[in-house]
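Take a look at the structure set out below.
Here, each number is a calculation from the coordinates, and none is a lab measurement. Keep in mind that this is a model prediction, so the values were computed, not measured. Please note: Cβ atoms are built from the backbone with ideal geometry, for glycine as well, and neighbour counts cover all protein chains shown.
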Amino acid sequence: MIRPAPDATHISESVINGETTPVAVAETMIERIFAQEPDIQAFVSFDARQVRADAAQNKGQGLLAGVPVGIKDIFDTAEYPTQFHSPIYTGHQPSRDAHVVTLLRQAGALIMGKTHTTEFAYMQTGPTRNPHDLARTPGSSSAGSAAGMAAGFFALALGTQTAGSLLKPASYCGLFAFKPSLGLVSLEGVKPLAPSFDTVGWYGRSVRDLQLVARVLIPGFVVPEVERRPLRLGFCRTSRWDQVDPPVARSLEHAMDQLRSVGHQVSDVRLPDEFSGVFDDHQLINDCEGARSLAKEFQRHRTQLSPSTLAMFERAAATTWEQESAAKVRLARLAPQLDEHCQPFDAMLGASCGMVAPLGLESTGPSDFIKFWGAFGWPQVNLPLIRAEGDLPIGLQLIGRFREDGHLLRNAEHLAADLQGIVQR
């Protein structure tokens, strides 16, 4: 199911240089979609005629000239329905694009369609399958975008992350992914869940693709030009390292050894015990804010909500305002402490997920190693580790300090190059 494909940067350069056209690029993607989509089911909305018409009108200009992009189905789109994987919104047609979709179009991108998500980007899974093994989940709410990327249906894809919804599918599907600092990318036209954590992110085939999209979606964004040097890296297991399966732990340790072998300083970082409560505080805040965000749907269409979403409402109803406020205060007080512990390092490293993609489509596994850092709004990158043929993907998480997104992406570029070609077993 996995086919090698050029990255978005190469496609854009080829279109601008006249080596190919948006129509030719689109036809390549459409051929793959027709061949594999019945098995993978990445799309909730796809119209080959619309894609061809858009490609014919594409001027082949801009940072994303002719680049095919998949859009998670919680972003408003004027050409396609936006349905949030909920029967409540079947056929719901927005009148305009979300802000980030407009920016993509203005940069020359070609929208390929809407990709499957979980119900309201929460827990209830859709039909999408992992291209590496159709019997396995592709991950949580950005699943369709990740699976479509892995299958070669588009060169870039938009997703979102509240807990682990971007990096988990990237880890399971073997993709590069970037979740920026909280508040850096506009959420206008995106269905909210938990505003304290909701963040737009994206998938690419390379770190340079992640950087390219950042320049489009974050006007004025700059990746600093810095001299290549050994980095000071902190490897943080967190208090839930016992959730990591032994094969994943071995691959991550192997990656640390490889980084050390090329000159990087990798030090173990152990955080104080009080940080062990971050996971539960994130869940509590997620529940309470999610219940408020979906209050309209709960009041008017309760019988059309999934059991997992109804359970979120039950937990929120059993949580007092004082308890929620206390959780937010704890995170606010821990934030400067975390910054102090990480200050000596150029970036932090950790597991993206403690397991490879689980069998079945009902459960996507925990997101603890991702949401720990997301609880503080820090930027995160998934670097796919090179695996032997037939092995399932494993992701290495790279974390930067708040609002140091440009430095994180530059460091990610260097580390990805250092890990390239090294098989993790």
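Tabulated data for the structure shown
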item	result
With eigenvalues of the C-alpha gyration tensor scaled by 5 and rooted, the range 208-274, Å	29, 18, 14
Estimated 222 nm signal from helices in the chain, with DSSP H stretches of n ≥ 4 weighted -39500 (n - 2.57), rounded to 500	-12000 deg cm²/dmol
Rule-of-thumb Rg ratio for the range 8-217 [Cα; 2.2 N^0.38 Å; N residues]	0.91
Debye log10 I(q)/I(0) for the range 258-396, one point scatterer per Cα, at q = 0.13, 0.16, 0.17, 0.18 Å⁻¹	-0.77, -1.04, -1.11, -1.17
Relative contact order of the range 226-348, pairs being alpha-carbon contacts under 8 Å that are 6 or more residues apart, as %	38
Stretchable slack from GLN337 to GLU31, in nm (0.36 nm times residue separation minus alpha-carbon distance)	105.0 nm
ASP47-GLN93 pseudo-label distance in nm [points 7 Å out on the Cα-to-Cβ vector]	0.8
Nearest-0.05 FRET efficiency for SER206 and ALA24, computed from C-beta distance (R0 25 Å)	0.75
19 Å reach of a label modelled at ASP39, 7 Å along Cα-to-Cβ, counting backbone N of the range 142-163	144-154
Förster radius 51 Å - calculated FRET efficiency between THR320 and GLU13, Cβ distance, rounded to 0.05	0.35
Gain in span if fully extended, ARG403 to GLU225, counting 0.36 nm per residue against the direct Cα distance	62.4 nm
The chain: C-alpha pair distances exceeding 35 Å, %	23
Label-to-label distance, nm, for residues given as GLN265 and ALA311 (7 Å Cα→Cβ offset)	4.5
Two-decimal Rg/Rh across the range 108-152, once Rg and the Kirkwood Rh are taken from alpha-carbon atoms	1.00
Kirkwood Rh, angstrom, the range 340-400 [1 / mean 1/r, Cα pairs]	13.1
Whole-number percent relative contact order across the chain, with pairs defined as alpha carbons under 8 Å at least 6 apart	18
Cα centroid separation, the range 36-85 to the range 326-402 (Å)	29
At q = 0.18, 0.22, 0.25, 0.32 Å⁻¹, base-10 log of I(q)/I(0) for the range 277-327 (Debye sum, equal scatterers on each alpha carbon)	-0.54, -0.75, -0.91, -1.25
Distant alpha-carbon pairs in the range 113-249 (separation over 27 angstrom), percent	25
Karplus-derived HN-Hα couplings along the range 120-134 (A = 6.51, B = -1.76, C = 1.60, θ = phi - 60°), whole Hz, x at Gly and Pro	6, 6, 10, 10, 5, 7, x, x, 5, 10, 7, x, 6, 6, 5
Protection-proxy order for peptides 129-139, 319-329, each taking the mean of Cβ atoms within 10 Å per residue, highest first	129-139, 319-329
